[in-house]
Each structure stands twice: as structure tokens, then as C-alpha cells.
Amino acid sequence: TGYVTLDPGFVNTASTVSAITYIDGDAGILRYRGYPIEELADKSSFLEVAYLLIYGELPTAAQLADFTEKIKNHTMLHEDFKNFFAGFPRDAHPMAVLASAVSALSTFYQDSLDPFDPEQVDISSIRLISKLPTIAAYAYKTSIGQPLLYPDNSLGYVENFLRMSFGVPTTPYEVDPEIVKVLDMLFVLHADHEQNCSTSTVRLVGSSHANLFSSISAGVNALWGPLHGGANQAVLEMLERIHAEGGDVDAFVERVKNKEPGLKLMGFGHRVYRNYDPRAAVVKKATTKVLDRLGKADPLLDIAMRLEEVALADDYFVERKLYPNVDFYTGVIYKALGFPTNAFTVLFALGRLPGWIAQWREMMSDPTTKIGRPRQVYTGPTERHYVPIEER
Ligand code: CMC
């Protein structure tokens with residue numbers, strides 16, 4: 001206890017051992033349980049990856065069918081839960097609604113909050129994966145004044161989410177399967193990223209033996225910030241601003257380099273990657289595909305591509321090894337799919353959920369886990385003595 005090391009931002013401090021996700025930031029490598037992210041993005045699916053992250057191995061066909069069935073059985077929200085959405089202002093940020101709703105789930109499932117009972121942990125994990133899309137869709141539907149749709153369990157996980165978000169009771173909902181595949185793939189890309197800010201938050205909260213819902217709710221709040229998951233919203237707002245101001249990308253990059261207060265190239269840079277974020281490379285390809293598929297052109301994509309080109313050729317970004325991260329291109333896709341800008345980080349949360357769950361479970365099942373309790377270096381006054389108020 002006499003000796004502490006100071007490491008603001010945990011730049012060099014490992015908080016845990018983990019067998020879930022491997023990143024080599026210099027080489028731009030990301031693997032879940034050993035599988036390269038590019039392979040999983042191309043060949044796997046979100047629920048399969050969720051299983052892989054949580055249980056450690058790719059499922060057999062029977063295991064995946066069983067897992068999928070369980071998820072389907074829990075997609076509805078308790079009828080009383082629906083009142084919850086109407087209780088917020090219509091213009092509430094959906095990340096605030098999501099974090100509150102996840103926290104509120106613990107009030108409906110008080111029989112499954114014991115973090116050390118494997119069955120309770122398992123059913124809570126299933127409930128979270130099942131219900132998060134319903135919560136996200138209901139937050140959006142409430143914000144635009146449309147009726148809430150019940151989940152349709154004949155549909156796949158992502159298609160059901162898209163229908164609850166964009167469908168209406170009066171018309172059958174149809175969506176291009178290729179578009180469903182792209183959103184599923186984006187969820188795969190977001191599913192885990194080892195000890196990032198929100199995951200570390202989930203672990204820290206869980207280390208006090210708080211239940212899974214409380215821990216994940218804290219993670220959602222951590223993700224909201226613009227330096228983390230909130231960057232996807234911030235990127236789109238940046239692209240819109242550049243567009244509205246005439247599209248002068250070089251001038252914008254100059255202002256960033258001059259460190260104009262509050263100005264950063266959002267969607268660029270990463271604590272761990274000092275190379276192209278492998279997720280960004282996959283998203284970039286998907287962006288063009290989605291816009292082609294939907295027959296939509298978006299001047300914001302041209303601005304993004306030009307920004308990347310200018311930044312990657314500029315000494316400021318080269319010297320600091322700043323490359324596009326996962327958030328740089330996703331917003332253009334989410335916008336094309338019809339999501340409002342403030343819902344983008346919710347989509348990140350839907351994707352990251354299995355990672356949070358897997359990391360929380362890994363921690364809780366490790367007998368060597370201790371409560372997370374960082375030390376500090378005190379810089380305040382040395383001892384002094386109370387002065388009565390009339391003498392101050
Ligand atoms: N635009 C301009 N300059 C930057 C940027 C940027 N996006 N990112 C880092 N820098 C500069 C920074 O100013 C510093 O310069 P100097 O050495 O002159 O002081 C240098 O690069 C090192 O940056 P840092 O802030 O010490 O790096 P960090 O590891 O503490 O921060 C980061 C990482 C992701 C918070 C940061 O790069 C950033 O703010 N990026 C923009 C927000 C963003 O896109 N976040 C999403 C991250 S990926 C997905 C996720 O985790 O959610």
C-alpha cells in the first residue's frame with residue numbers, strides 16, 4: 001500500500017486478464033476468441049458471435065438453434081414496461097432512455113439478480129439480448145409518436161428489430177435481406193473490443209457484485225460519450241457541418257490541426273490502434289454497397305472519403321498514427337437505413353451488448369476477482385484546522 005503508480009487514463013495499466021478478445025493495435029488485428037474479425041464479419045452472424053463471445057466456442061447447429069430459440073422467447077417487454085417510454089420527453093436522447101430502461105429491467109426480474117447463480121446469470125443475459133432491440137425500437141417509436149409494434153418472432157434478430165423500428169401496423173413490412181445482412185454484420189463488428197471505456201465500466205460496476213442489468217446500464221452510459229460510442233453521432237454531425245459550410249475539407253482539416261478548441265476529426269484515432277482499424281476497413285466497403293443497393297447517393301460519403309484521403313496524407317495525422325476508427329463510416333450507413341442521428345450510438349450498444357455480457361461473466365466467474373478500487377495521488381492541502389464561519 002505504500003507504493004502507487006500513477007497512470008491517468010490507464011494507458012499502460014492492464015486491469016484484468018481476459019481470454020475473450022485480442023487486439024494488436026500496431027498491426028491492426030482484432031480477434032474474438034481467436035477468430036479474425038474479417039472472417040466473422042464475412043461468414044458468421046450476430047447471434048452466433050454473441051454465443052462465441054459468451055460461451056467461448058462457436059456453437060454447433062443444435063446449440064445455435066437452442067440459443068436463438070431462447071432469445072426469441074424473451075423479445076417482448078412486460079406490458080407495464082411500456083408506460084416507461086411515455087414518461088420521458090419526446091425529444092429525450094435515446095441513449096438516456098436505453099440506459100434507464102436497462103436499469104429498470106432489474107425491477108421486473110428481481111428473481112434473477114444473483115450474480116453468482118449461473119442459471120440466473122444466463123436468463124438475465126438472454127433477456128438483455130432479447131429485449132434490447134425492442135427497447136431501442138420503442139424509444140424511437142415513442143419519439144416520433146408512432147404505435148409500438150410487438151416483436152414478430154418469425155423474423156430473425158435484426159429483421160425483427162428493423163420491423164419494430166420502421167414498420168407500422170397498417171402495412172406489411174418488407175426489407176431487402178442484403179440490408180439486414182449488413183446491419184447484422186455491423187453488430188458483429190461492434191460485439192466486443194476488450195477493455196474499452198464502457199466494458200471497463202461494466203466490469204468495475206460488476207466488481208462490487210452489482211447485478212448484470214445495473215452493470216450493463218452503466219456501460220450504456222459510458223458508451224454515450226463522444227470520445228467512445230457517441231463518436232458515430234459526432235462524425236455525422238461533423239460531416240453535416242462541413243457540408244453546410246460549403247464542403248471545404250482541407251480548411252476543416254487545417255482547423256483540426258491548429259487545435260481549434262473543441263475541434264477534433266471525429267471517427268479518427270484510437271487508444272490501441274496505431275494502424276487502420278480493421279473494423280473501419282470492413283465498414284468502408286459496406287458503405288458503398290449499402291448506398292448502391294438503396295440507390296441513394298450521399299454527399300456526406302464523398303466528404304468522409306475526402307477527409308480520410310486528406311488526413312492520411314497529412315503529417316499531423318501520420319506522425320500521431322491517427323487512422324479512421326469503426327465510427328468513421330458507420331453513420332453514413334445508419335443514415336441511409338433511415339435511423340435518426342441520435343439513434344446511432346444505440347445501434348453501437350446493441351452490437352456491444354454480448355461483449356459486455358461476456359466480459360462481466362468472465363470476471364464474475366474468476367475466483368481471483370477483487371473489487372475494482374483504483375488508488376490516487378493526493379494533491380490537496382496538508383492537514384489544516386476548522387475555522388468557525390464568522391472568522392472566515
Ligand atoms: N483529431 C485530431 N487530433 C487527434 C485526434 C483526432 N480525432 N485523436 C487524437 N488526436 C491527437 C491528440 O490531440 C494528441 O495530439 P498531441 O500529441 O499534439 O497532444 C495525439 O493525437 C494523441 O491523442 P490522445 O488524445 O492522447 O489519444 P488517446 O488515446 O487519449 O485518445 C481517442 C483516443 C479515441 C479518444 C481520440 O483519438 C479521439 O478523441 N478521437 C475522436 C473521437 C473518436 O472517434 N472516438 C471513437 C473511438 S473508436 C470507437 C470507440 O471506442 O467507441
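Read-outs throughout are calculated quantities, based only on the coordinates presented, and are distinct from any laboratory measurement. Small disclaimer: the values here were computed from a predicted structure and weren't measured. Cβ atoms come from the backbone with ideal geometry, glycine included; neighbour counts cover every protein chain shown.
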If we scan the stretch 212-226, do we find a residue that is away from the ligand (no atom under 12 Å from the Cβ) and either β-branched (Val, Ile, Thr) or within 24 Å of Glu319 (Cα to Cα) (or both)?
yes
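Yes or no: Asp315 charged (D, E, K, R) and within 30 Å of Asn275 (Cβ to Cβ)?
On the way: charged (D, E, K, R): yes; within 30 Å of Asn275 (Cβ to Cβ): yes.
Yes.
Got a number for residues in the stretch 191-234 being among the hydroxyl-bearing types (Ser, Thr, Tyr) and within 14 Å of Glu362 (Cα to Cα)? Talk me through it step by step, then tell me what you get.
Of the stretch 191-234, the ones among the hydroxyl-bearing types (Ser, Thr, Tyr) are 198-201, 207-208, 214-215, 217.
Restricting the remaining residues to those that are within 14 Å of Glu362 (Cα to Cα) gives 199-200, 207, 215.
Result for the stretch 191-234: 4.
Anything in the stretch 220-249 that is in a helix (DSSP H, G or I) and touching a Cys at 6+ places or on another chain (Cβ under 9 Å)? List them, or say none. Give the steps one after another, and end with the answer.
Our first condition is that a residue be in a helix (DSSP H, G or I); within the stretch 220-249, this holds for 220-224, 231-244, 249.
Once the filter is applied, which keeps residues that are in a helix (DSSP H, G or I) and touching a Cys at 6+ places or on another chain (Cβ under 9 Å), the stretch 220-249 yields Ala222, Leu223.
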Restricted to the stretch 304-331 and to residues being among the charged types (D, E, K, R) and near the ligand (Cβ under 7 Å from one of its atoms), the residue surrounded by the fewest Cβ atoms within 10 Å (Cβ to Cβ) is Arg320
Any residue in the stretch 314-332 that is assigned to a loop (DSSP other than H, G, I, E, B) sitting within a Cβ distance under 7 Å of a residue that is near the ligand (Cβ under 9 Å from one of its atoms) and among the acidic types (Asp, Glu)? List the pairs, counting only those 6 or more apart or interchain.
Tyr323/Asp277; Asn325/Asp277; Val326/Asp277
Matching residues, the stretch 199-211, being within 16 Å of the ligand (Cβ to nearest atom) and of a type outside the set (A, V, I, L, M, F, W, C)
Thr199, Ser200, Thr201, Arg203
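Run down Tyr140, Tyr173 and say which single residue is farther than 28 Å from Ala222 by Cβ and among the aromatic types (Phe, Trp, Tyr). Explain how you work it out, then say what you get.
Values: Tyr140 fails: farther than 28 Å from Ala222 by Cβ.
After applying the criteria, what remains is Tyr173.
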